[in-house]
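Have a look at the structure below, then the notes.
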Amino acid sequence: GTVQRSLERMVAIADVLDDDGQMEVWFFGDFPVRAAPVTVHTMGTYVDDNAAAKRKAEGGNYEPRVMREIVDWTLAEPSPHPTLVLFWSDGGVHAEKKITQLLVESSRLPVFWMFLGLGRADYGVLARLDAVTGGVVDNAGFIPIDDIDRYPDDALYGDIFGSFVRPWVDAATATGVLSTGAR
């Protein structure tokens, strides 16, 4: 389905950028469930292979818990490289105040939150997260993908890296959030 096809499009990013070519995965609903990492070799049947973890996470939509877990993970397992969080959502985002607080808090960390909207939903909250202020550096972006099958690779990767990540890397380096060696 859509989750599997979206995952396959993002694994290419991890294959190129991640130090071990693996993309960490969290499914979330009311609670986050960290699943096995995915690679280009395991992506073909990933969602089916991790269906139990996905089912365990379903039953709501509470983003702050998974965001907190990702922040805690980046603190517990620091990397010399920045972390790009590809956060897929259908737009049913709740707890905007808590999410905003987590974005501001994590702005001191080498973490960029790329919110990707799927499903032609009402993305109001997601779009507002792209404009959160008060942090050390703007550490979030939003792209309304709507239909992953109709979004060409060059546009998808260009939007992620050209419109959001590159400016964040420059700003994060200038403010000391990223060291010059981490670029």
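The values are calculated or read from the model by the stated rules, or taken from the named source; none is laboratory data. All values derive from a computational prediction rather than experimental measurement. All Cβ positions, glycine included, derive from the backbone under ideal geometry; neighbour counts span all protein chains shown. To get the accessible areas, we keep the full protein, side chains included, count just its heavy atoms, and leave off ligands, DNA and RNA. Shrake-Rupley method; radii C 1.70, N 1.55, O 1.52, S 1.80 Å.
Here are a few things to note about the model shown:
- Residues that are assigned to a strand (DSSP E or B) and either in contact (Cβ under 8 Å) with a residue 24 or more places away in the chain or among the acidic types (Asp, Glu) (or both) within region 34-59 comprise Arg34, Val38, listed in sequence order.
- Of the residues His81, His94, the single one that is at pLDDT below 95, open to solvent by 50 Å² or more (accessible area, probe 1.4 Å) and closer than 24 Å to Ser163 by Cβ is His81.
- Of the residues examined, Phe161 is one that is part of a helix (DSSP H, G or I) and either farther than 19 Å from Val71 by Cβ or touching a strand residue (DSSP E or B) at 6+ places or on another chain (Cβ under 7 Å) (or both).
A quick yes/no check of all residues on (1) open to solvent by less than 20 Å² (accessible area, probe 1.4 Å); (2) touching a helix residue (DSSP H, G or I) at 6+ places or on another chain (Cβ under 7 Å); (3) within 18 Å of Glu63 (Cβ to Cβ):
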{"position": "Leu126", "(1), (2), (3)": "yes, no, yes"}
{"position": "Gly141", "(1), (2), (3)": "yes, yes, yes"}
{"position": "Ile148", "(1), (2), (3)": "yes, yes, no"}
{"position": "Asp153", "(1), (2), (3)": "no, no, no"}
{"position": "Leu156", "(1), (2), (3)": "yes, yes, no"}
{"position": "Asp159", "(1), (2), (3)": "no, no, no"}
{"position": "Ser163", "(1), (2), (3)": "no, no, no"}
{"position": "Arg166", "(1), (2), (3)": "no, no, no"}
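- Taking region 133-153 as the range and being of a type in the set (Ser, Thr, Tyr) and more than 30 Å from Gly1 (Cα to Cα) as the test, only Thr133 passes.
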